[in-house]
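Structure, as structure tokens:
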């Protein structure tokens, strides 16, 4: 089980990572990034296989956080809904994929009778929207560029925010929820994601610097909010990490909280602009 936090305080003391922990974080991040990029480049179906595996682990961690249970019938429903929805998204049936997520959400919401039933049910769209959305984006024109851009913005935000926060220090952003985050780190992370998007305009045809900078900033902001939301969930469950599956990071929820929120936001933006060309909508905006 996850390491539990003190019952007497809202947050653990701020402790800087040791050199060994930082090395573990870097190695783990490089391995995960290599798998993610490789699957994305390979195409929608190879990406779907990786997304299914990661989503199942995210569902397992979600159950540990909100129900304090590693294996139960709710986990089966959660994983089944994600696997079916992701498969449908890879087959180009996004509308049915979203319908499956709704059914999974309702099935858990009406099944669970305890106080955590709403949080248990929310795990389905929390993981499912981003999981199906990444396939939906990848399987459209300029999908590879769109997915890689989201990854790049999130990774730039997370990496620079951590390094800047450690180097500059300063006031904590929200100490009762995430004691390690600082205002300096948050601002540096948002700047990094915006700059990465600006640079991307050189490599992605048809994009405008103002639009893509705005997208980069919003993706960085979503990553920050997703990180804070997952930290708040851990406080509610009184655990330090979602699991110990990733050395130096904790669990997949700990590592991918920002990416989950960013992909969900990216899909919402694309959906609101052009349902038939989501990747181009994200990259080009209303000028498409």
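Throughout, read-outs are computed from the coordinates displayed, never taken from laboratory work. Just so it is clear, the structure is predicted and the values come from calculations on it, not from any experiment. Cβ atoms come from the backbone with ideal geometry, glycine included; neighbour counts cover every protein chain shown.
Determine the relative contact order of the chain: mean sequence separation of Cα pairs under 8 Å and six or more apart, normalised by residue count, in whole percent. Walk me through the intermediate numbers first.
Working: 461 pairs, mean separation 64.8, N = 288.
Normalised by residue count, the contact order of the chain is 22 percent.
Sorted by packing (mean other beta-carbon atoms within 10 Å per residue), highest first, where do 95-105, 246-256 land?
On the way: 95-105: 18.7, 246-256: 22.0.
Packing order, densest peptide first, comes out as 246-256, 95-105.
Take the Cβ-Cβ distance between residue 214 and residue 93 as r, set R0 to 30 Å, and report the resulting FRET efficiency rounded to the nearest 0.05. Mind showing how you got there, number by number?
Numbers: r = 31 Å, r/R0 = 1.04.
After rounding, the FRET efficiency stands at 0.45.
When only C-alpha pairs under 8 Å and at least 6 residues apart count, what is the relative contact order of segment 114-252, in percent? The partial results should precede the final answer.
Values: 146 pairs, mean separation 25.2, N = 139.
18 percent.
Would you calculate a helix-derived [θ] at 222 nm for the chain, using -39,500 (n - 2.57) for each DSSP H run of n ≥ 4 and dividing by the full residue count, to the nearest 500? List each step's numbers first, then the result.
On the way: 10 runs with 207 residues, N = 288.
After summing the helix terms and dividing by residue count, I get -25000 deg cm²/dmol.
Under a crude label model (7 Å from the Cα following the beta-carbon direction), how far is residue 183 from residue 235 in nanometres?
1.8
Using a 10 Å cut-off on Cβ atoms, rank the peptides 131-139, 193-201, 28-36 from the highest mean neighbour count down. Write down the numbers at each step before the final one.
Details: 131-139: 26.8, 193-201: 21.2, 28-36: 14.3.
Output ranking for 131-139, 193-201, 28-36: 131-139, 193-201, 28-36.
For a protection proxy built on the mean count of beta-carbon atoms within 10 angstrom, sort 148-156, 279-287 highest first, please.
Values: 148-156: 23.9, 279-287: 21.0.
Put in order of decreasing packing, that is 148-156, 279-287.
For the residue pair residue 167 and residue 50, what label-to-label distance in nm results when each label sits 7 Å from Cα along the Cα-to-beta-carbon direction?
For residue 167 paired with residue 50, the spin-label model returns 2.8 nm.
How far apart, in nm, are the 7 Å Cα→Cβ label points at residue 275 and residue 204?
2.3
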